[in-house]
Amino acid sequence: MKFVPAGVVPFVALLLLQRRPVAGRALLVTGPGCPGHGLCRSNVQEQTRRQVALLNATAQDLFSLYLKCQGEPFSSETDRLCNPSGVFFPAFRVNRTSERKEVMVAMYKLFAFLNASLGNITRDQEELNPTAKELLDRLHNTTKTTRGLISNLTCLLCKNYNVFQVDVSYGESSKGKSAFKKKQQGCQVLRKYVQVIAQAARVLLPHLSPP
């Protein structure tokens with residue numbers, strides 16, 4: 001796996017960059033290397049474990065609520081319209097026996113992609129379903145949790161492995177698409193998310209469990 005050696009963008013810019021649905025390179029911290037242990041909270045590993053568990057526990061409910069708010073034909077033709085096979089998602093080839101560093105990098109790529117995708121979906125739903133308060137709240141809360149998780153993964157990669165820049169890919173933007181296509185893209189991404197977050201939790205949580 002290739003790690004690019006130097007970062008030049010402040011960490012706050014990373015969170016802004018991740019809202020852009022394009023291929024790119026996420027720069028984790030400034031300077032020629034990691035800024036020491038000051039980036040990490042004392043309970044960062046436990047917090048990361050809880051965030052992944054929370055995302056996994058709430059993913060299916062988010063998808064179900066999204067479907068409900070889109071109306072027909074999404075509710076009755078979910079399998080056809082929300083088939084995620086044609087949607088790009090970062091490759092996730094690690095498993096529970098993979099090296100911890102490899103798992104952390106794969107997780108970072110996954111959640112950087114997810115953060116950008118949630119930004120797209122939230123923007124579209126604010127336009128298409130502005131009164132769907134429960135859905136919008138769920139999307140905002142999921143995004144908030146994902147950003148916190150990215151921050152913690154940033155810390156763990158820097159502190160434990162001196163990795164401070166990772167190549168990432170972002171999904172296709174929905175800007176300019178029809179309302180139906182926007183709804184469908186969100187449906188496909190969230191269905192894939194349900195599948196992938198379950199796999200991610202199975203792989204990551206044993207690496208974060210206390211000895």
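The values are calculated or read from the model by the stated rules, or taken from the named source; none is laboratory data. Every value quoted in this text rests on a predicted model; they were computed, and no experiment measured them. Counting neighbours? That spans all protein chains shown, and the Cβs are built from the backbone with ideal geometry, glycine included. Ligands, DNA and RNA are stripped out before the accessible areas are found, and what is left, the full protein with its side chains, is counted by its heavy atoms. Shrake-Rupley method; radii C 1.70, N 1.55, O 1.52, S 1.80 Å.
Points to keep in mind about this one:
- The residue of the range 65-88 that is nearest to Leu135 (Cα to Cα), among those that are part of a helix (DSSP H, G or I) and among the charged types (D, E, K, R), is Lys68.
- Candidates in the range 89-130 are the residues that are in a loop (DSSP other than H, G, I, E, B) and of a type in the set (S, T, N, Q); of these, the one that is modelled with the highest pLDDT is Asn129.
- So Gly86, is it among the small types (Gly, Ala, Ser), open to solvent by 10 Å² or more (accessible area, probe 1.4 Å) and modelled with pLDDT under 90: yes
- Among residues of the range 127-138, those that are in contact (Cβ under 8 Å) with a residue 60 or more places away in the chain, surrounded by 16 or more Cβ atoms within 10 Å (Cβ to Cβ) and out of contact with any Phe, Trp or Tyr (no Cβ under 8 Å at 6 or more places or on another chain), counted: 3
- Restricting attention to the range 176-211 and to residues that are more than 30 Å from Glu46 (Cα to Cα) and free of Cβ contacts under 8 Å to residues at least 40 places away in the same chain, the residue that is surrounded by the fewest Cβ atoms within 10 Å (Cβ to Cβ) turns out to be Gly176.
- Which listed residue, of Leu149, Leu156, is over 16 Å from the mean Cα position of the chain (by Cα), open to solvent by less than 10 Å² (accessible area, probe 1.4 Å) and under 19 Å from Val52 (Cα atoms): Leu156
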